[in-house]
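One structure below.
The values are calculated or read from the model by the stated rules, or taken from the named source; none is laboratory data. All figures in this text were calculated on a predicted structure; none of them were measured in a lab. We work out accessible area using only protein heavy atoms, side chains counted, and drop any ligands, DNA or RNA first. Shrake-Rupley method; radii C 1.70, N 1.55, O 1.52, S 1.80 Å.
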Amino acid sequence: MTVPNAVLAGIRGRCPRCGKGPLFSKYLRLVQNCASCGADFSMADVGDGATVFVILIVGALVVPVAFVMQMVFHWAPWASAVLACVLTLILSLVLLPVAKGVLFTLQWTHKAGEGRVE
């Protein structure tokens, strides 16, 4: 059995060990065990990390688009606001599972956990 690349497995939403079993049982709910190889995913938790990355990425993409529509094409302010809201919603919904999958697979592959003072 070959070990898949953790980033590619996360993007595809697949198990970081076998690359076959699904990573999510619902839209953003991680499975406890891989259905294909039985890998235990209970120790890993990405928390809000994926959300932070998605907020920063979507903001960096949507704000310049809204400014260009407003300043270059002279759209009405309400039209720019509607475009920005729609783009924000669509990009966020598309990127959240991808970001969560990548962060989870990286965390699980490298056995990352909470920091401990020894």
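Observations on the structure shown:
- When the chain is treated as a GNM with alpha-carbon contacts under 10 Å, the residue of 41, 104, 67 showing the greatest mean-square fluctuation is 67.
- Angle in degrees between helix 49-71 and the longest Cα principal axis of the chain, rounded to the nearest 10: 20 degrees
- When Rg and the Kirkwood radius Rh are both evaluated on Cα atoms of the chain, their ratio Rg/Rh stands at 1.14.
- Taken over the range 18-83, the percentage of Cα pairs per 5 Å bin, counting from 0 up to the bin with the maximum distance, is 3, 14, 15, 13, 10, 10, 9, 8, 8, 6, 3, 0.
- Among 11, 55, 90, residue whose mean-square fluctuation peaks in a GNM of the chain (springs only between Cα atoms under 10 Å): 90
- Rolling a 1.4 Å probe over the protein heavy atoms of the range 29-116, with every protein chain left in place, gives an accessible area that is 71 percent carbon and sulfur.
- Listed residues 18, 85 arranged by accessible area, highest first, probe 1.4 Å: 85, 18
- Relative contact order %, the chain, counting alpha carbon pairs below 8 Å whose residues are six or more apart: 36 percent
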